[in-house]
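Taking it in order: structure first as structure tokens, then the write-up.
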Amino acid sequence: MIRIVIADDQAMVRAGFAALLSAHADIEVIGQAEDGAHCVDLVADLDPDIVLMDVRMPLMDGIEATRTIVAANAETRIIMLTTFDIDDYVFDAIRAGASGFLLKDAPPSELAEAVRIVAGGEALLAPSVTKRVIEHFATGGQKPNRTALPELTDREREILIQVARGASNTEIAASLDIAVQTVKTHVSRILYKLDARDRAQAVIAAYESGLIVPNS
């Protein structure tokens, strides 16, 4: 059972998400918060697996709440929910420790799947958000630096490049002809070496270091 807290300043939005998620047998909504400060308190009390976090809320916004939760609890994962996909807070949210970023107008079926993906240890970015991340790091004429992030082995860099391109563990395993569990082990080592909480932060590191550049 995946235990969830929903944080949004609009009661009808919270109720709608709760109804959609509660319809799934493997998901349980255990709390709702109307602002970031209340969400931080609920997470401390209830220790949920996932928080669905609105970005813009009173008293404490979703990014600050995410930063606070991540600092205090290494287990709870955050999925940011927003109606916007073009603002700089996308990067702030990922750096704060968010594991996913989903637009509120996504189809209802995508919401439950997003919860399952993040609960399973993967990172999730909506396609439009992924496009913005790539555009953010786009620099004309730059070539990839395959020796960037020297703390990683050649195989770890190879896997991180595929992670940054959005490949799943299964897809990476098939591409490199190795076991999925071996990929998971490499990803865990990459996160540890980069001091990254999640795959999303590792992707940011890959672009910022020049290991991978858009369209390379």
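The values are calculated or read from the model by the stated rules, or taken from the named source; none is laboratory data. Note that this is a predicted model, so its numbers are computed, not measured. A quick note on method: Cβ atoms are made from the backbone with ideal geometry, for glycine too, and the neighbour counts reach across all protein chains shown. Each accessible area value is taken on the protein alone, full model and side chains, heavy atoms only, with ligands, DNA and RNA left out. Shrake-Rupley method; radii C 1.70, N 1.55, O 1.52, S 1.80 Å.
Using a 1.4 Å probe on the protein heavy atoms, what percent of the accessible area of the chain belongs to carbon and sulfur?
Values: 5330 of 10280 Å².
Here carbon and sulfur together make up 52 percent of the probe-accessible area.
Using unit Cβ charges (K, R positive; D, E negative) and no other charged atoms, how large, in debye to the nearest 20, is the dipole of segment 136-209 about its Cα centre? Please report the intermediate quantities before stating the final value.
Details: 10 positive and 9 negative charges, 8 e Å.
For this selection, approximately 40 debye.
Which value in deg cm²/dmol, rounded to the nearest 500, describes the helix-derived mean residue ellipticity at 222 nm for the chain, given -39,500 (n - 2.57) per DSSP H run of n ≥ 4 and division by the residue count? Let's see the in-between values first.
Values: 10 runs with 110 residues, N = 216.
Counting only the DSSP helices, I get -15500 deg cm²/dmol.
Give, rounded to the nearest 20 debye, the magnitude of the charge dipole that the chain has about its Cα centre when Lys and Arg contribute +1 at Cβ and Asp and Glu contribute -1 at Cβ. Don't skip to the end; give the middle numbers.
Values: 20 positive and 32 negative charges, 173 e Å.
For this selection, approximately 840 debye.
Rank 72, 2, 178 by how far each Cα sits towards the positive end of the charge dipole of the chain (+1 on Lys, Arg Cβ; -1 on Asp, Glu Cβ) and give me just the farthest.
178
Treating only the Cβ atoms of Lys and Arg (+1) and Asp and Glu (-1) as charged, compute the dipole magnitude of segment 1-105 about its Cα centre; round to the nearest 20 debye. Walk me through the numbers before you get to the answer.
Details: 7 positive and 19 negative charges, 32 e Å.
Using only the charged Cβ atoms, the result is roughly 160 debye.
What accessible area per residue comes out for the chain, rounded to a whole number of Å², with a 1.4 Å probe?
Values: 10280 Å² over 216 residues.
It amounts to 48 Å² per residue over the chain.
For residue 44 and residue 1, what does the FRET efficiency come to when R0 = 22 Å and r is the distance between their Cβ atoms, rounded to the nearest 0.05? Intermediate results must be reported in sequence, preceding the final value.
Details: r = 20 Å, r/R0 = 0.92.
Calculated value: 0.65.
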